[in-house]
Amino acid sequence: MDAFEDLLARAEADPAVVGLVLTGSQARGTATVHSDHDVHVVVRSRNERWHTTRRTAELDEIVSTLDELADTSDLWQRYAFRGARVLLDRLGGGVAALVERQAVPTEAEATAWARDALDGYLNLAYRAAKSRRDGNALAATLDERESVPWLLTTVFALHSRLRPYNKYLRWELETYPLPEPWTAAVFPARALRDPIGMFPDVARLARGRGHGDVLDAWGNDLALLNTYV
């Protein structure tokens, strides 16, 4: 019995465990020979058997209480639950509902993230455009690279989605497709190669989602940005 099977057996035999959630590459079907198993062991409260997270080359045994699984304040951690597989749910779907809540933002959350990220993307795009205008290629390139995370967050939030980890960007777009030009075949490569050049597409998407005021707040600066995309 390997470490993963041993954990399943121990958890299923222990009524203190109310849920088991498989995340990561093993859950998403993207595992390689180097991939371990990431398993969240959900308990009502920690005890001597289930107390701390244990990590090995084969298995990450991540102990979480129900309250911790319900806490959505750690934004970056939430994508871990995208595509997760619930292996045990002694709450009649309650564990699955908490996993879904982690993986899918509310409309209010997505709106707030989109507006914040859009403004950050515009800031760096404008800085890059000014540097290009002034002949400072190094500064422009650095700003362009720095804009990529803001661009990714903006686009996914405008589609009411969490930004995926970079490792799973292509998997996300292939599994849960977005319309052109945000497809798996186009978006990842173009986001890296020409993030500022995507400004017109971002602007159209943002206005279509009702966030034209964020763009308009930049006033005449957008004219410079349009010149250098």
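A quick yes/no check of all residues on (1) within 25 Å of Ala27 (Cα to Cα); (2) in contact with a helix residue (DSSP H, G or I) (Cβ under 8 Å, 6 or more places away or on another chain); (3) free of Cβ contacts under 8 Å to residues at least 12 places away in the same chain:
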site: Arg161; (1), (2), (3): yes, yes, no
site: Trp171; (1), (2), (3): yes, yes, no
site: Glu174; (1), (2), (3): yes, no, yes
site: Glu180; (1), (2), (3): no, no, yes
site: Ala184; (1), (2), (3): yes, yes, no
site: Arg190; (1), (2), (3): no, yes, yes
site: Arg193; (1), (2), (3): no, no, yes
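Listed here are the residues, each with its yes/no results for (1) in contact with a strand residue (DSSP E or B) (Cβ under 7 Å, 6 or more places away or on another chain); (2) surrounded by fewer than 17 Cβ atoms within 10 Å (Cβ to Cβ); (3) under 25 Å from Phe199 (Cβ atoms).
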site: Ala84; (1), (2), (3): yes, no, no
site: Leu98; (1), (2), (3): no, no, no
site: Pro105; (1), (2), (3): no, no, yes
site: Asp116; (1), (2), (3): no, yes, yes
site: Arg127; (1), (2), (3): no, no, yes
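Residues that are more than 15 Å from Gly120 (Cα to Cα), outside the structural domain of Gly24 (by TED's automatic domain parsing), assigned to a helix (DSSP H, G or I) and touching a residue at least 24 places away in the same chain (Cβ under 8 Å): does the stretch 205-216 have at least one?
yes
Which residues, taken from the stretch 93-149, are in contact with an Asp or Glu (Cβ under 6 Å, 6 or more places away or on another chain) and within 30 Å of Val39 (Cβ to Cβ)? Walk me through how you get there before you give the answer.
Kept after step one, since they are in contact with an Asp or Glu (Cβ under 6 Å, 6 or more places away or on another chain), are these residues of the stretch 93-149: 95-96, 124, 126-128.
Residues satisfying the conditions are Val95, Ala96.
Do you know which of the residues in the stretch 74-112 that are β-branched (Val, Ile, Thr) and assigned to a helix (DSSP H, G or I) is nearest to Val41 (Cα to Cα)? Break it down stepwise before answering.
Step one: filter the stretch 74-112 for residues β-branched (Val, Ile, Thr), giving 86, 95, 99, 104, 106, 111.
Filter once more, so that each one left must be assigned to a helix (DSSP H, G or I): 95, 99, 111.
On the way: Val95: 11, Val99: 12, Thr111: 32 Å.
Step by step, filter the stretch 74-112, then rank; the result is Val95.
Considering only the stretch 45-55, how many residues are assigned to a loop (DSSP other than H, G, I, E, B) and surrounded by 13 or more Cβ atoms within 10 Å (Cβ to Cβ)? Spell out how you get there, then give the answer.
So in the stretch 45-55, the residues assigned to a loop (DSSP other than H, G, I, E, B) come out as 45-53.
After this cut, where a residue has to be surrounded by 13 or more Cβ atoms within 10 Å (Cβ to Cβ) as well, the list is 46, 49-50.
The qualifying residues number 3.
Determine if the stretch 177-188 includes at least one residue that is part of a helix (DSSP H, G or I), closer than 24 Å to Tyr79 by Cβ and hydroxyl-bearing (Ser, Thr, Tyr).
Looking for residues that are part of a helix (DSSP H, G or I), closer than 24 Å to Tyr79 by Cβ and hydroxyl-bearing (Ser, Thr, Tyr), one finds none in the stretch 177-188, hence no.
Within the stretch 132-141, is there a residue that is at positive phi and assigned to a loop (DSSP other than H, G, I, E, B)? Can you show your working first?
As a first pass, look at the stretch 132-141 and keep what is at positive phi: 135.
Filter again for assigned to a loop (DSSP other than H, G, I, E, B), leaving 135.
Yes, that holds for at least one residue.
Only one residue in Ser160, Ser147, Ser131 is crowded, with 16+ Cβ neighbours inside 10 Å, in contact with a Phe, Trp or Tyr (Cβ under 7 Å, 6 or more places away or on another chain) and either polar (S, T, N, Q) or assigned by TED's automatic domain parsing to the domain that holds Ser35 (or both). Which one?
Ser147
Quick check on the stretch 56-73: of everything there that is at pLDDT 95 or above and in a loop (DSSP other than H, G, I, E, B), which residue is nearest to Val18 (Cα to Cα)?
Looking at residues that are at pLDDT 95 or above and in a loop (DSSP other than H, G, I, E, B), I get Asp71.
The values are calculated or read from the model by the stated rules, or taken from the named source; none is laboratory data. These numbers come from a predicted model, not from an experiment. So basically every Cβ, Gly included, is an ideal-geometry build from the backbone, and we count neighbours across all protein chains shown.
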